[in-house]
Ligand code: ADP
Ligand code: MG
């Protein structure tokens with residue numbers, strides 16, 4: 001969004017990997033909270049029908065009257081879909097299982113790949129002055145994920161430090177290339193972040209070596225360790241930074257946030 005009339009230069013980042021359980025939602029919630037801790041204003045878009053990001057931030061089912069579904073398909077006002085979380089400066093557009101039918105409903109829509117893009121570029125968005133919008137993608141390369149990539153400036157890929165981690169990455173990269181060719185030529189790769197890293201496990205080390213060798217400097221220096229505080233935080237409906245700020249997990253997500261901010265500073269220099 002380089003439109004000079006905008007009051008804010010919002011960076012939109014899709015958190016994507018078509019594998020389930022690799023740390024997309026965990027990274028979305030905790031990177032967002034750490035960006036807020038750096039003084040930034042952040043919006044999470046929950047784009048997964050499972051709604052884990054919404055649940056992990058304590059958004060009750062009864063509060064999800066208007067969701068990402070209505071944002072995409074029903075032209076509901078932004079002020080009705082954007083909710084506060086318990087973390088000051090962190091807001092969310094929640095999701096429910098309704099979103100699972102959106103993928104099919106989108107197919108017959110002429111603007112099917114651009115609905116999220118258009119929704120996030122409503123003039124009203126300026127009033128919120130978000131520095132970052134993080135989109136928690138579903139575990140699939142479906143039309144929802146394509147919507148996220150078309151709407152975004154960059155894609156951040158969580159890579160679980162386990163066997164077969166790099167498998168499927170080429171398909172993800174192919175999808176990014178297709179989106180560049182058809183709809184969003186400037187889509188960047190924000191980076192690949194190793195998640196659930198276990199320094200005592202040779203396999204984790206091997207995945208790191210393979211990733212750095214094959215993917216080069218798009219791999220973030222920061223690795224997110226496997227940390228029980230990270231996995232406990234969602235049941236307390238808060239990011240790990242609010243649950244246990246001294247935990248290894250909270251510190252790692254803080255490092256990741258500073259790397260993301262530094263990336264962006266380099267780009268605009
Ligand atoms: P995805 O959104 O890609 O499906 P999640 O973020 O939901 O993946 O993570 C899958 C599971 O792994 C969740 O139960 C989550 O709590 C756990 N998890 C993710 N990251 C960590 C971590 N760094 N340490 C411990 N558990 C983690
Ligand atoms: Mg998820």
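Values for this structure:
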{"item": "For residue 59: the one exception among (1) within 16 Å of ligand 1 (Cβ to nearest atom); (2) under 23 Å from residue 155 (Cβ atoms)", "result": "(2)"}
{"item": "Qualifying positions in the range 193-211 - more than 16 Å from residue 252 (Cα to Cα) and either within 11 Å of ligand 1 (Cβ to nearest atom) or without any contact (Cβ under 8 Å) to a residue 12 or more places away in the chain (or both)", "result": "200, 202, 205, 206, 209"}
{"item": "Filter result (in contact with a strand residue (DSSP E or B) (Cβ under 6 Å, 6 or more places away or on another chain) and surrounded by fewer than 20 Cβ atoms within 10 Å (Cβ to Cβ)) within the range 241-263", "result": "248, 255, 259"}
{"item": "Selected residue (only one of 144, 134 is within 16 Å of ligand 1 (Cβ to nearest atom), within 14 Å of the chain's Cα centre (by Cα), in a strand (DSSP E or B) and modelled with pLDDT of 95 or more)", "result": "134"}
{"item": "Of residues in the range 147-161 being in a strand (DSSP E or B) and more than 13 Å from ligand 2 (Cβ to nearest atom), the one farthest from residue 26 (Cα to Cα)", "result": "154"}
{"item": "Where a residue in the range 157-177 is buried (at least 17 other Cβ atoms within 10 Å of the Cβ) and its partner, wherever it lies, is in a loop (DSSP other than H, G, I, E, B) and modelled with pLDDT under 95, with Cβ under 6 Å and at least six apart", "result": "159/165"}
{"item": "Tally, over the range 46-80, of residues that are surrounded by fewer than 23 Cβ atoms within 10 Å (Cβ to Cβ) and part of a helix (DSSP H, G or I)", "result": "10"}
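The values are calculated or read from the model by the stated rules, or taken from the named source; none is laboratory data. Quick caveat, the model's predicted, so the values are computed rather than measured. FYI the Cβ positions are ideal-geometry reconstructions off the backbone, even for glycines, and counts take in every protein chain you see.
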